[in-house]
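Visitor: Quick one: this structure, given as structure tokens, is what I'll be asking you about.
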Amino acid sequence: ALRRRAAILRGETARARSLTDAVLEGISDAVIVLDRRGIVRLANPAACGLFRRAQEEIVGKHCRDAGCSGIVEMLAPDAPPRELEVNPPGGAPVRVLAAASPVLDADGSVSGSAILLRDLTMIHRLEREARRTESLAAFGRLAASVAHEVRNPLNAIAVGVQRLEKEFAP
């Protein structure tokens, strides 16, 4: 009975790990898990893409060697999310929304931290496009207003010219 229960628990653990792995693989946000010493214990594919490094270059390395020490130093666990800049090697700086959460052991003690990084590139691009569209719309409204103001006196002049033509026909 004890062996059967252990087998069931191993199966449930494997299913939970498989589900967790699938979520971390599929999520578009970068996830990095550090232990208490600053060693990267987990980096999902989005984190590898953000830092432009292979998983082997990140996992098992100290965060300063993995390229994420600047972020870790700026984030306190349980602090509100902050907008930061990531400078991947050989790439343009990327603005991210970053948050850190403590990782707890089974006994409730802090064993490290989990860092979540959301790439804000697309959001910033959409905001710029929205501001540009609003500026163009405002310019269009101004142009229509100016055209209306110019048309009114021109209409009065045209009516006057037509009347003069009728009264002083050659």
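The values are calculated or read from the model by the stated rules, or taken from the named source; none is laboratory data. A quick note: this is a predicted structure, and the numbers were derived from the prediction, not measured. Reconstructed Cβ throughout: ideal geometry from the backbone, glycine too, with neighbour counts over all protein chains shown. SASA here: full protein model, heavy atoms, side chains in, ligands and nucleic acids out. Shrake-Rupley method; radii C 1.70, N 1.55, O 1.52, S 1.80 Å.
Visitor: If you place +1 on the Cβ of every Lys and Arg and -1 on the Cβ of every Asp and Glu, how big does the dipole about the Cα centre of the chain come out, in debye to the nearest 20?
Guide: So the dipole magnitude of the chain works out to roughly 440 debye.
Visitor: Residue separation times 0.36 nm, minus the C-alpha to C-alpha distance between Arg128 and Ala7: what's the value?
Guide: 38.0 nm
Visitor: Next question. How much area per residue is accessible in region 86-142 when the probe is 1.4 Å and only protein heavy atoms are counted (Å²)?
Guide: Normalised by residue count, the accessible surface of region 86-142 is 66 Å².
Visitor: Please give the helix 2-26 orientation as an angle from the longest Cα principal axis of the chain, in degrees from 0 to 90, rounded to the nearest 10.
Guide: So the inclination is approximately 30 degrees.
Visitor: Only one of the values (i) 59; (ii) 54; (iii) 70 was calculated from this structure for percent of Cα pairs over 19 Å apart; name its label.
Guide: (iii)
Visitor: Using a 1.4 Å probe on the protein heavy atoms, what percent of the accessible area of the chain belongs to carbon and sulfur?
Guide: Exposed carbon and sulfur together represent 58 percent of the surface.
Visitor: Leaving out ligands and nucleic acids, and using a 1.4 Å probe, what accessible area per residue does region 1-51 come to in Å²?
Guide: Computed with neighbouring chains in place, this is 69 Å² per residue.
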